[in-house]
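Just below is one structure, and these are the notes that go with it.
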Amino acid sequence: MSQRTLVLVKPDAVRRGLVGEIVSRLENKGLTIEEMQTRTMDGELADTHYAEHVDKPFYPPLKDFMTSGKLVALIVSGDEAITVVRSLAGATDGRKAAPGTIRGDLSLSNRENLIHASDSEDSAKREIALWFPDN
Ligand code: CMP
């Protein structure tokens with residue numbers, strides 16, 4: 001079933017010059033880039049995007065990190081795109097993510113983990129509406 005999902009290529013990836021590498025991995029898999037924009041996440045957008053995490057102890061440093069510089073927001077589509085992008089991204093903690101995944105190959109951090117991808121159909125709908133209100 002074709003799905004759309006929201007991907008953020010995070011500020012660490014932009015700083016490290018890994019945007020092309022990450023977007024290539026999505027394209028090479030056969031997924032389609034429907035929209036792609038360089039954006040900055042402000043505090044208000046962070047609180048809305050990460051509503052389920054705002055009370056967690058890791059949230060304040062996560063918010064500082066996510067608002068620390070430019071990121072790239074994408075709508076990615078394809079067959080089973082939500083789970084396919086999550087599996088390309090790998091486990092949240094780059095130190096534990098499997099080799100071959102984006103985080104497993106390129107991140108050594110639980111926070112600065114290069115990519116965010118919607119985790120369900122409901123979050124994909126909510127996050128696409130938040131980042132791309134015209135879609
Ligand atoms: P993301 O997929 O964007 O969703 C929530 C983010 O919070 C996650 O990626 C990580 O960047 C961050 N995160 C999740 N768990 C932790 C944790 N235990 N410590 C630090 N950061 C975390």
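Values as computed for the structure displayed
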{"read-out": "Computed helical MRE - 222 nm, the chain, DSSP H runs ≥ 4 contributing -39500 (n - 2.57), nearest 500", "value": "-11000 deg cm²/dmol"}
{"read-out": "Residues Val23, Val9 arranged by fewest to most Cβ contacts within 10 Å", "value": "Val23, Val9"}
{"read-out": "Estimated distance in nm for a label pair at Glu121 and Glu35, the labels positioned 7 Å out from Cα along Cα-to-Cβ", "value": "2.0"}
{"read-out": "Segment Lys56-Arg111, extension gain: residue separation times 0.36 nm, minus the distance between their alpha carbons", "value": "18.5 nm"}
{"read-out": "The chain: most fluctuating residue of Ala89, Ala117, Ala98 per GNM, C-alpha cutoff 10 Å", "value": "Ala98"}
{"read-out": "Cβ-based exposure ranking for Val19, Val85, in which fewest neighbours within 10 Å come first", "value": "Val19, Val85"}
{"read-out": "Charge context of Ser77, other residues only, Cβ under 11 angstrom, K/R +1, D/E -1", "value": "-3"}
{"read-out": "Where trypsin sites (Lys or Arg not before Pro) in DSSP loops with at most 15 other Cβ within 10 Å are excluded, longest remaining stretch of the chain", "value": "17-69"}
{"read-out": "Residues Ile22, Ile115, Ile33 arranged by fewest to most Cβ contacts within 10 Å", "value": "Ile33, Ile22, Ile115"}
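Throughout, read-outs are computed from the coordinates displayed, never taken from laboratory work. Bear in mind that the values here come from a model prediction, so they are computed numbers and not experimental data. Positions of Cβ are backbone-derived with ideal geometry, glycine not excepted, and every protein chain shown enters the neighbour counts.
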